[in-house]
1. Rank Val197, Val258, Val42 by mean-square fluctuation in a GNM of the chain with C-alpha springs under 10 angstrom and give only the top-ranked residue.
2. Given labels modelled 7 Å from the Cα in the Cβ direction, how far is it in nm from Ala177 to Lys269?
3. Taking θ as phi - 60°, what are the ³J(HN,Hα) couplings along segment 155-165 by the Karplus curve (6.51, -1.76, 1.60), each to the nearest whole Hz, with x for Gly and Pro?
4. Mind running the shape call on the chain? Use the C-alpha gyration tensor, a ≥ b ≥ c as the square roots of the eigenvalues: rounded below 1.5 for a/c, prolate if a/b tops b/c, oblate otherwise.
5. Given the DSSP H assignment, sum -39500 (n - 2.57) over each helix run of at least 4 residues in the chain and divide by its residue total; what's the result at 222 nm in deg cm²/dmol, nearest 500?
6. Which far-off residues, 5 or more places away or on another chain, put their amide H under 5 Å from the one on Arg92, with H placed in the peptide plane?
7. With the cut-off at 1.5 for a/c, could you classify segment 137-236 from its C-alpha gyration tensor as rounded, prolate or oblate?
8. What is the gain in length, in nm to one decimal, between Glu161 and Ser90 on full extension, counting 0.36 nm per residue of separation less the C-alpha to C-alpha distance?
Amino acid sequence: MGFNEIVLNGKYVIDAEIKLLTGLHIGTAGNSLDIGGVDNPVIKDVYGKPYIPGSSLKGKLRSLMEFYNNKLTIGNVAYSVYKNNGGDGSIRMHMCDKKDCIVCGLFGRNHGQHKIITNSNGAYVDRTFEEAVEPTRLIVRDAHLIDESITDEMKDNMDFEYTEVKFENNIDRITSAANPRQTERVPAGATFKCNFVVNVYNDDDKKYFEALLTAMKLLEDDYLGGQGSRGYGQVKFENIKIEYKGKNAYLGKEDKKVFGPFNSLNEVKLG
Ligand SMILES: [Zn+2]
């Protein structure tokens, strides 16, 4: 089994706000009836407030970076098995063993066996990436709702304390009958607090931090959650603060650089 020396040099810690420009729907795995009786509820934390799971945010950023960096090619895509309420499923995602891969380096490379797709008919070979195993650099925390971002004025037009319910119509093409379906969503204007950490190993290059910034910019021109093609899930990052902490910062010493706050991603500059 291969082993590459890995030395932690420091961490980029990014705090920002995610503002919803349109309603957001991140559903729950079970898609079951909520206590309120709404079909298609949004995921909520233990306090009953909607939140953005770190895993959803990270998965979306990863997917955008895979497309952006042309990583979805034959030989570089694996079947990844996941567990769900309804049983196991599998998705296709990028996975490779290249040491300098910006996507695998930032978002992580699962160990164990992968089914790597070898042709356009979906044939695959089993491979392990033991030689290329390294820790994931990026940590994405759950993004929690900032209560005050939902104003009294907004609440006047909402169905619940933190959410609204929209009816989406699917039209039968033969009978023209509408088939309305409820979707719970967090309203435009609501804002969440997010936090990212990018570990810097071996060298102090900024490429992984910059890759995260690119992914965040791509997300602003894409969408978070479901029903994006219907306009849901448009977001903007605001109030962005960045700290670079060297190792000595964890010993209480001055080994920290602070950048920002920046109003938007385009304004972000390190030094
Ligand atoms: Zn890769």
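1. Its mean-square fluctuation being the largest, the pick is Val258.
2. 6.2
3. 4, 4, 9, 9, 8, 10, 4, 10, 9, 10, 10
4. Cα axes put the chain in the oblate bin.
5. -4500 deg cm²/dmol
6. Ser80
7. Numbers: a/c = 3.76, a/b = 1.77, b/c = 2.13.
Oblate is the answer for segment 137-236, as a/c is 1.5 or above yet b/c matches or exceeds a/b.
8. On the way: separation 71, 0.36 × 71 = 25.56 nm, distance 3.58 nm.
22.0 nm is the gain from fully extending Glu161 to Ser90.
The values are calculated or read from the model by the stated rules, or taken from the named source; none is laboratory data. Predicted model, so just to flag it, every value in this text is computed and none were measured. Cβ coordinates were reconstructed from backbone atoms using ideal geometry, including for glycine residues, and neighbour counts include every protein chain displayed. What goes into the accessible areas is simple: the full protein's heavy atoms, side chains included, and nothing from ligands, DNA or RNA. Shrake-Rupley method; radii C 1.70, N 1.55, O 1.52, S 1.80 Å.
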